[in-house]
Amino acid sequence: MTDGFKETLSRAVTISLMAIIAVLGAFSLLPAYQRNQSLKRQDADLTRRIEEKKREIARLQDFQRRFKTDPDLVVRIARENGRVYPGELVFIFED
């Protein structure tokens, strides 16, 4: 074999080995990449759910504040639940 052919063969083998190592490295990183994407989706979902819960808490706190300060609200809720004032005459109509 000539020195030129040996050098060309050596170069080809080196390039092939580097390509194989690069491909194997890419395949070994694929599960980590997929897990990272899954965790990002979970994070986005949890953030969305936290924001929904914060809005629900704010709505309930507003209702609680109104319940303490708005007597008409208390009367309306009591009426919806069938409550009456003492001594009040109530007519119940059945269908």
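Phi-derived couplings, Karplus 6.51 cos²θ - 1.76 cosθ + 1.60 at θ = phi - 60°, listed residue by residue for region 83-95: 8, 9, 6, x, x, 6, 8, 10, 10, 10, 9, 9, 6 Hz, with x used for Gly and Pro. Listed values (1) 1.10; (2) 1.71; (3) 1.22 include one computed from this model; for Rg/Rh (Cα atoms, Kirkwood Rh) that value carries the label (2).
About the Cα centre of region 1-89, how large is the charge dipole given +1 on each Lys and Arg Cβ and -1 on each Asp and Glu Cβ? Please answer in debye to the nearest 20. Working shown, then result.
On the way: 17 positive and 12 negative charges, 56 e Å.
Value, rounded to 20: 260 debye.
For region 57-63, backbone phi angles converted through the Karplus equation (6.51, -1.76, 1.60; θ = phi - 60°) give residue-by-residue couplings of 4, 4, 5, 5, 5, 5, 4 Hz, Gly and Pro being listed as x. Scanning the chain for GluC sites (Glu not before Pro) that sit in a DSSP loop and have at most 14 other Cβ atoms within 10 Å, the longest stretch containing none of them is 1-87. For LYS40, a cut-off of 30 angstrom between C-alpha atoms picks up these lysines, skipping any fewer than 8 places away in its own chain: LYS53, LYS54.
Shown in residue order for region 25-42 are the 3J(HN,Hα) couplings computed by the Karplus curve 6.51 cos²θ - 1.76 cosθ + 1.60 at θ = phi - 60°: x, 5, 5, 6, 7, 4, x, 5, 5, 5, 5, 4, 5, 4, 5, 5, 5, 4 Hz (x for Gly and Pro).
Quick note: the coordinates plus some simple rules give every number you see, no bench work behind them. Computed from a prediction, not measured in an experiment: that's the story for all the values here. Backbone-built Cβ (ideal geometry, glycine too); neighbour counts: all protein chains shown.
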